[in-house]
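Read the structure below first, then the notes.
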Amino acid sequence: MVLMVVRHYPGPAGARLRFHYYRRRLAALGPGTRIDEGVHIVGEKHVHIGANCWIAANAFLGAGPTSTRHREISRRNNPEFGGKEGELYLEDDVYVGPQAYINAHGGVRVGENVAVSVGAKIFSASHYHRSQDDPPGTTRYAGGMRLSADDPQAILLGPVVVHSRAFVGAGALLLPGVTIGPSSWVGAGTVVRERVEPETLYRA
């Protein structure tokens, strides 16, 4: 009940309330950061937010280790992450737009002065069609609500890194293990499956 009030309290008073509420609960919350109405944060103790950030209305931030019970875990290494699996790091002056979605269960690092625009999505964890031991093209895993030793799921974990001064356009999708180089722009609606080099315009 308290969280619902905090999450949806309007106006400047609501912004101040959310700052003081989350400053006690997040792993880090820097000065001057604004958290708007309707923002949903899961795994609070695994979320690190720097100074002067803006988390806009109805954005979702999810962090913390994923469950491995009855799941085959595959990992894509990202040496540029430099953090712990399941942690979300937003460095200073980051903008996360309305209805943006960041899944940091595999780890996400967003550098200084980055924009993650409206409705953009960053996935460092995802259901997957095969385990790392299965041959390519295998589709024996499901992703629904049934989860047992006889019907396991496969999960792909891969840290995502968005380097400083990059821009992730509206509705773009970054998949596990991706890196966006410094000062690069990802176009609106673009699906990113590979590394984007520095100072690159990358679009669908």
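No value in this document is a laboratory result; all are computed from the given coordinates. None of the values given here were measured: they were computed from a predicted structure. All Cβ positions, glycine included, derive from the backbone under ideal geometry; neighbour counts span all protein chains shown.
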Point-to-point label distance, ARG24-SER164, nm (Cα→Cβ direction, 7 Å offset): 3.4 nm
Taking the Cα centre of the chain as the origin and placing charges on Cβ (Lys, Arg +1; Asp, Glu -1), which of ALA13, MET1, ALA125 is farthest toward the positive end of the dipole? MET1
The size of the Cβ-based charge dipole (Lys, Arg +1; Asp, Glu -1) of the stretch 2-202 about the Cα centre, to the nearest 20 debye, is 540 debye
Label-point separation, LEU17 to TRP54 (7 Å along Cα→Cβ), nm: 2.2 nm
Difference of contour (0.36 nm per residue) and Cα-Cα distance, ALA188 to SER126: 20.2 nm
Selected from LEU147, LEU157, GLY187, residue furthest toward positive end of dipole (the stretch 134-201; charges at beta carbon): GLY187
Hz values of 3J(HN,Hα) by residue in the stretch 123-129 - Karplus curve (6.51, -1.76, 1.60), Gly and Pro given as x: 10, 9, 9, 7, 4, 9, 7
How far is helix 11-23 tilted off the main Cα axis of the chain, in degrees rounded to 10, range 0 to 90? 60 degrees
Whole-angstrom gap from the stretch 81-96 to the stretch 37-58, using each part's C-alpha centre: 11 Å
Tell me, what is the percent relative contact order of the chain, built from C-alpha pairs under 8 Å that lie six or more residues apart? 15 percent
For labels at THR68 and ASP134 in the simple 7 Å Cα→Cβ model, what's the distance in nm? 1.9 nm
Computed FRET value (nearest 0.05) for ARG76 with VAL42, which takes r as the C-beta separation and R₀ as 25 Å: 0.65
